[in-house]
Amino acid sequence: MLTALCRDTFHRTCHTQDSFRRCHKHMLGHLRLPRKVSSKEASLDAVQKLEGAINELLRHQGTATCADECKYGQVRQRLAQDVGKHVQTLLDFFKFLSGEKSGRPACQMHVVDAGQVELLKLLIVADLPVQLLSQLPHFEFETRRDIMNLCCALLWSGWPHQVDNHVTEYLRGHPQVYNVLVEGFANEEVALHYGELLRSCARHRHLVNALLESGLVFELVKYARSPSLEIASDAFHSLRKFLLEHKDVSASWIANNSDKFFKAYNEVLRSGEYVAQRQAENLLADILLDMRFCRSMIIYVNDEHNLQIHMNLLKDASKVIMVQSFHVFKLFVANPQKSHKVHRILYNNRDKLIALLQTLCPTKSTKKAFAVDQISVIGTLRDLQAPALPPCKVPSVDVCGSSSESWIESGTRGGA
């Protein structure tokens, strides 16, 4: 009897489970599950919504008054949140394309299809990159960072050729983008973000040429003297990238604009600010010692005012700046075709220069190479012959030392 009871219970349980399965299957057949939206579709939607949010943000900025400032603040906060959400969607999509988020190795980057290329073009046609950059100070830190990463992704070196050309042409021909990036150094809150994108632009030779021709490189030189150490260092980092990343482009520009460029650059060397002077000497040595900048080097070392700057830096209180200045000064001495004024200044001051150069002591890592240059420069100064016209014996007024320690000028006042 117990066996029959167990058998009956088992059959009832199985019947109940079968009924449940049939019912569940019937319900699922009539239930419409939401279609999974692809990352590309989400990104296209994000572009449209982002454009709308930016336009609304600009519209409210243009109409906000003191009376509705509180209301505008709430609207702006909501719009900024919307912008951040849409930017994050687009950034995730770019990370997927680059292989960063999918975990693919760099050698197996995603192949960009026509639809994805169209997405990139939509961003550019709507002018969203520059619109976002111009509004950067109005967003929170996380959104600023995402915007900069998104704009840097547009300059990713792995894009197909037609996409890369489309992006560079957009940035090169834009009337505001470089003003926004360079003048952004005036705002300490966003300066480093703008500097990051500026250096991404420096990877492209056409964008390097566009910035140099715009004349905004002189603003970078100005910001390299900023009282803020972070801004000054970041501006110099960007300046270095633009001058050394594509040397054939920058060498031609410097040679054609040497008077104006070196005049602005020398102000940094004269600033008396240790970090600025050290970075300026280091970059200048990298430029002048590179054969691709040969024309600029010849122009620079034949100017007596440039020589006097580096002679004074040889007496700087910082041993580091003294040694770095030597690497530029040696070019004046080694030049086989010195201008008359440069020749005269070196000849009139050769004894003091030799005594000073003998006291220089480099770091251990460069000691051997430095000693070779040091001996060569001292020997050249000892063998230096008098210039064609007799040197004037009038001492100069030197801002870096007493009259007894001053250098002798070229003597143009003395009947030379």
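The values are calculated or read from the model by the stated rules, or taken from the named source; none is laboratory data. Source: prediction; values computed, not measured. In this analysis, Cβ positions are derived from the backbone assuming ideal geometry, glycine residues included, and neighbour counts consider all displayed protein chains. Each accessible area value is taken on the protein alone, full model and side chains, heavy atoms only, with ligands, DNA and RNA left out. Shrake-Rupley method; radii C 1.70, N 1.55, O 1.52, S 1.80 Å.
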Would you kindly give the portion of the calculated P(r) for segment 291-350 that falls above 12 Å, as a percent of all Cα pairs? 66
What distance in nm separates the two pseudo spin-label positions at L384 and D248, each 7 Å out from Cα along the beta-carbon direction? 3.8
Compute the distance in nm between two label points, each set 7 Å from the Cα along the Cα-to-Cβ direction, one at E41 and one at E267. 5.7
Once you keep just the Cα pairs under 8 angstrom separated by 6 or more residues, what percentage relative contact order results for segment 119-204? 32
1/(1 + (r/R0)^6) with r = Cβ-Cβ of Q176 and R59, R0 = 22 Å, i.e. FRET efficiency to nearest 0.05, evaluates to 0.75
How much length, in nm to one decimal, is gained on full extension between A255 and L122, taken as 0.36 nm per residue of separation minus their Cα-Cα distance? 43.9 nm
Kindly report the accessible area of segment 205-362 per residue (heavy atoms of protein chains, probe 1.4 Å, no ligands, DNA or RNA), in Å². 42
Overall Cα dimensions of segment 164-231, principal axis frame, Å, largest first: 37, 20, 19
From the cross-link list K247/K330; K319/K352; K241/K319, the entries with a Cα-Cα span beyond 24 Å are K241/K319
If I take R0 = 30 Å and measure r between the Cβ atoms of C294 and C361 in this structure, what FRET efficiency does the formula 1/(1 + (r/R0)^6) give, to the nearest 0.05? 0.50
Find, to one decimal place in angstroms, the Kirkwood hydrodynamic radius of segment 253-307, where the mean of 1/r is taken over every pair of different Cα atoms and then inverted. 11.5
Full extension from E213 to H138: what is 0.36 nm times the residue separation minus their Cα-Cα distance, to one decimal in nm? 24.0 nm
Spelling out what I want: for every residue of segment 76-81, take phi, set θ = phi - 60°, compute 6.51 cos²θ - 1.76 cosθ + 1.60 (Karplus), and round to whole Hz; glycine and proline get x. 4, 5, 5, 5, 5, 5
What part of the accessible area of segment 154-230, given as a whole %, is carbon or sulfur when the probe is 1.4 angstrom? 49
Express in nm, to one decimal, how much length is gained between S318 and K85 on full extension, taking 0.36 nm for each residue of separation and deducting their alpha carbon distance. 78.9 nm
Rough spin-label spacing in nm, given labels placed 7 Å along Cα→Cβ, for Q74 and A371: 7.7
